[in-house]
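A.B. asks: Here it is: the structure, laid out below.
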Amino acid sequence: MQLKSIEIVGFKSFAEKTKIDFPDGMTGIVGPNGSGKSNIAESIRWVLGEQSAKTLRGSKMFDVIFSGSANRKSQSMAAVTLTLDNSDGYVKTPFSEIKVARKLFRNGDSAYFINEKECRLKDIVNMFMDSGIGQGSLSIISQGNVEAIFNSKPEDRRSIVENVAGVYKYKQQKLSAQHELDTTSENLDRVNDIIHELQ
Ligand code: ATP
């Protein structure tokens with residue numbers, strides 16, 4: 001699994017379509033303060049489904065759309081496409097190349113795509129669950145992240161370990177199964193009430 005490239009348009013400081021390739025080896029991104037280095041890392045978080053505007057240093061999600069500058073008008077849409085080489089089958093999907101995309105329009109419309117087919121956020125989250133590269137994973141360490149992990153509560157730190165160990169996915173599935181069982185049990189109670197009334 002390797003990050004091949006990222007295409008950004010209308011996201012934060014990236015008004016114009018910008019493609020960044022990540023060839024084999026290590027890639028460093030350098031630039032003056034405020035030139036948009038952190039915005040690149042945030043665009044990766046965003047396309048993988050980040051829902052917290054605060055995590056992206058904004059107060060609402062629309063803050064990610066290019067808001068204009070002295071000589072450029074604002075954009076009506078932010079779009080990010082991440083291309084991953086999955087020829088080693090690291091992520092359990094039939095695709096050897098995975099393109100994940102997210103779009104957000106100022107009118108409130110938003111959409112997610114896997115290999116250019118519109119999908120739900122849930123499909124992206126499920127695809128990357130336990131891969132170590134999904135939303136909120138530690139594959140992206142933002143400024144202040146390390147300190148936050150050191151200062152976090154033991155139970156929060158435990159969930160980080162569970163995520164890395166691959167247990168998290170099963171915990172989520174257990175929660176969802178438990179929820180279905182609870183609903184079914186409530187339905188059965190209702191049926192029993194009705195039977196009781198009829199007898
Ligand atoms: P540093 O080295 O100081 O950490 P950086 O290179 O990581 O800086 P970023 O924090 O990625 O820079 O980028 C900050 C810039 O992005 C600021 O100039 C800010 O005005 C711009 N920016 C953020 N959101 C938007 C937006 N929605 N529209 C236009 N510009 C934006």
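Just so you know, all these numbers are worked out from the coordinates, no wet-lab data involved. In this text the structure is predicted, and so the values were computed from the model without any measurement. So basically every Cβ, Gly included, is an ideal-geometry build from the backbone, and we count neighbours across all protein chains shown.
A.B. asks: Looking only at region 121-168, which residues are of a type in the set (A, V, I, L, M, F, W, C), within 22 Å of Gly36 (Cα to Cα) and part of a loop (DSSP other than H, G, I, E, B)?
C.D. replies: Selection gives Ile133, Leu138, Ile140, Ile141.
A.B. asks: Which of the following residues is hydroxyl-bearing (Ser, Thr, Tyr), exposed (fewer than 15 other Cβ atoms within 10 Å of the Cβ), under 17 Å from the mean Cα position of the chain (by Cα) and closer than 28 Å to Ser5 by Cβ: Ser137, Ser110?
C.D. replies: On inspection, the qualifying residue turns out to be Ser110.
A.B. asks: Would you please name the residue that is farthest from the ligand (Cβ to nearest atom), looking only at residues in region 58-77 that are outside any loop (DSSP other than H, G, I, E, B) and of a type in the set (D, E, K, R)?
C.D. replies: Here the answer is Arg72.
A.B. asks: Scan region 19-41 and give yes if some residue there is within 18 Å of the chain's Cα centre (by Cα), on the phi < 0 side of the Ramachandran plot, within 7 Å of the ligand (Cβ to nearest atom) and in contact (Cβ under 8 Å) with a residue 60 or more places away in the chain, otherwise no.
C.D. replies: Yes, the conditions are met somewhere in region 19-41.
A.B. asks: Could you please tell me which pairs satisfy a Cβ distance under 6 Å, a separation of 6+ or placement on different chains, a first residue in region 136-163 that is free of Cβ contacts under 8 Å to residues at least 24 places away in the same chain, and a second residue that is surrounded by 13 or more Cβ atoms within 10 Å (Cβ to Cβ)?
C.D. replies: Sorted first by the residue in region 136-163, then by its partner, the pairs are Ser139/Gly132; Ser139/Ile133; Glu162/Tyr168.
A.B. asks: Name the residue, out of Thr55, Thr83, that is in contact with a helix residue (DSSP H, G or I) (Cβ under 9 Å, 6 or more places away or on another chain) and more than 9 Å from the ligand (Cβ to nearest atom).
C.D. replies: Sole residue among the options that is in contact with a helix residue (DSSP H, G or I) (Cβ under 9 Å, 6 or more places away or on another chain) and more than 9 Å from the ligand (Cβ to nearest atom): Thr55.
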